[in-house]
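The structure appears below as structure tokens.
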Amino acid sequence: SAKEAGRNRYQFHSEDMTSSATDRLSLERELRGAIEREEIFTVYQPQIELTTGQVIGVEALMRWQHPRLGLVSPADFIPVAEDNGLILSLGERIMRDSCLQARRWCDDHGVGSVAVNVSAVQFRQKNFTDVVLSVVAETGLRPECLELEVTESVVMRGVESAVHKLRTLGAQGIKIAIDDFGTGYSSLSYLRQFSVNRLKIDKSFIHDLPDKDAEAIVCAIVTMGRSLSLRVIAEGVETEAQEKFLQNVECNESQGYLYAKPMVASELEAWLTRWSSRKQNGGLSIVQDG
Ligand code: C2E
Ligand code: MG
Ligand code: MG
Ligand code: MG
């Protein structure tokens with residue numbers, strides 16, 4: 001199936017392209033050039049509230065359009081950018097772009113927030129909170145409209161400084177989501193201390209629906225989120241059956257190809273307009289235009 005093909009491609013890429021040292025070296029050289037040639041850009045994927053169909057946010061995702069290699073997956077080039085430190089400037093740039101865009105989307109389309117992925121290397125920086133707060137200040141985005149996505153391993157690695165950083169950001173109104181939730185290793189007691197707002201159920205569990213174990217895990221995360229007063233979003237939602245299951249267990253939000261693939265800013269704006277006009281005609285999962 002297409003789903004399986006997508007999965008295989010992902011694995012194929014990360015093994016094939018980053019295993020050999022020469023490939024990795026050339027990818028590193030290419031990446032430096034890519035930044036100068038401005039081949040790296042941002043796409044945005046909508047996040048939908050399951051009870052209302054409203055777009056409550058968008059996630060920003062990095063893309064690299066290479067003239068020869070084609071579209072290089074972030075799963076392949078982000079580890080390289082982390083190794084050579086380029087992720088610091090790339091990460092700051094995507095955050096700035098996203099905040100600038102989100103200002104318009106929040107005002108014109110009622111989009112609640114823009115979610116930006118944060119790499120372990122960025123998060124580890126001593127001045128990480130200063131970087132985030134100055135981007136927010138410079139772009140004029142309301143801090144409540146920025147959400148940072150961190151994984152369990154990123155925050156659990158240096159728990160004490162993580163608590164401090166996340167609380168500092170949280171105190172300024174910035175939202176925190178735990179990405180790929182359920183695949184890592186986190187302590188429930190820390191989830192409270194981290195001032196987390198949202199859990200993102202990893203797409204591997206959604207992909208496996210319907211399946212007894214996956215259902216049990218999704219259900220447990222939703223229940224836990226509810227009792228800790230955290231919003232829960234499912235990622236990688238591709239089918240109406242998956243959406244139905246999520247609605248039944250009262251998961252709050254949903255993101256995936258069922259609604260839209262990640263899109264460049266102008267496409268997202270057109271999509272937002274279509275989505276709100278079609279929503280009035282009823283129905284939540286609206287088939288995308290080709
Ligand atoms: P992630 O943050 O967990 O993002 C979810 C991934 O699932 C994205 O892959 C997204 O395009 C994909 N996706 C969305 N809906 C569906 C669906 O219905 N089905 C399937 N099969 N996949 C779906 P993408 O864009 O290739 O990004 C992969 C990972 O690379 C991200 O995982 C994130 O960890 C990392 N990444 C992407 N952009 C950035 C960035 O700007 N900074 C950092 N530090 N990491 C990034
Ligand atoms: Mg993410
Ligand atoms: Mg994820
Ligand atoms: Mg991930």
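The values are calculated or read from the model by the stated rules, or taken from the named source; none is laboratory data. Treat the numbers as computed from the prediction; the structure is a model and nothing was measured. Glycine gets a Cβ as well: all are built from the backbone with ideal geometry, and neighbour counts include every protein chain shown. Calculation scope for accessible area: heavy atoms of the full protein, side chains included, ligands and nucleic acids excluded. Shrake-Rupley method; radii C 1.70, N 1.55, O 1.52, S 1.80 Å.
Can you pull out every residue in the range 133-188 that is of a type in the set (S, T, Y) and closer than 22 Å to V218 by Cβ?
Start the filter on the range 133-188 by keeping residues that are of a type in the set (S, T, Y), which leaves 134, 139, 151, 153, 161, 168, 183, 185-187.
Once the filter is applied, which keeps residues that are of a type in the set (S, T, Y) and closer than 22 Å to V218 by Cβ, the range 133-188 yields T151, S153, T183, Y185, S186, S187.
Can you tell me which residue within the range 154-180, out of those that are surrounded by fewer than 20 Cβ atoms within 10 Å (Cβ to Cβ) and under 22 Å from R142 (Cβ atoms), is nearest to ligand 2 (Cβ to nearest atom)?
Result: G170.
Evaluate the following for V114: is it open to solvent by less than 50 Å² (accessible area, probe 1.4 Å), away from ligand 4 (no atom under 16 Å from the Cβ) and assigned to a strand (DSSP E or B)?
yes
Pairs needed: first member in the range 181-209, surrounded by fewer than 17 Cβ atoms within 10 Å (Cβ to Cβ); second member anywhere, polar (S, T, N, Q); C-beta distance under 6 Å; at least 6 residues apart or different chains.
Qualifying pairs under 6 Å: G184/T151; G184/S153.
Going through the range 237-270 one residue at a time, which ones are open to solvent by less than 20 Å² (accessible area, probe 1.4 Å) and within 16 Å of ligand 4 (Cβ to nearest atom)?
V237, Q255, G256
Name the single residue, out of those in the range 38-83 being more than 16 Å from ligand 2 (Cβ to nearest atom) and either basic (K, R) or within 27 Å of V222 (Cα to Cα) (or both), that is farthest from the chain's Cα centre (by Cα).
Of everything passing the filter in the range 38-83, R68 is farthest from the chain's Cα centre (by Cα).
What is the residue count in the range 210-236 for residues that are of a type in the set (V, I, T) and either more than 26 Å from Y190 (Cα to Cα) or open to solvent by 60 Å² or more (accessible area, probe 1.4 Å) (or both)?
2
The conditions are (1) in contact with a Gly (Cβ under 6 Å, 6 or more places away or on another chain); (2) within 15 Å of ligand 2 (Cβ to nearest atom), and S204 fails exactly one of them. Which is it?
(1)
How many residues are charged (D, E, K, R) and within 16 Å of ligand 1 (Cβ to nearest atom) if we restrict to the range 46-62? Quick ask: steps written out before the conclusion?
First, the residues of the range 46-62 that are charged (D, E, K, R): 49, 59.
Now narrow it down to the ones that are within 16 Å of ligand 1 (Cβ to nearest atom): 59.
Residues that pass the stated criteria total 1.
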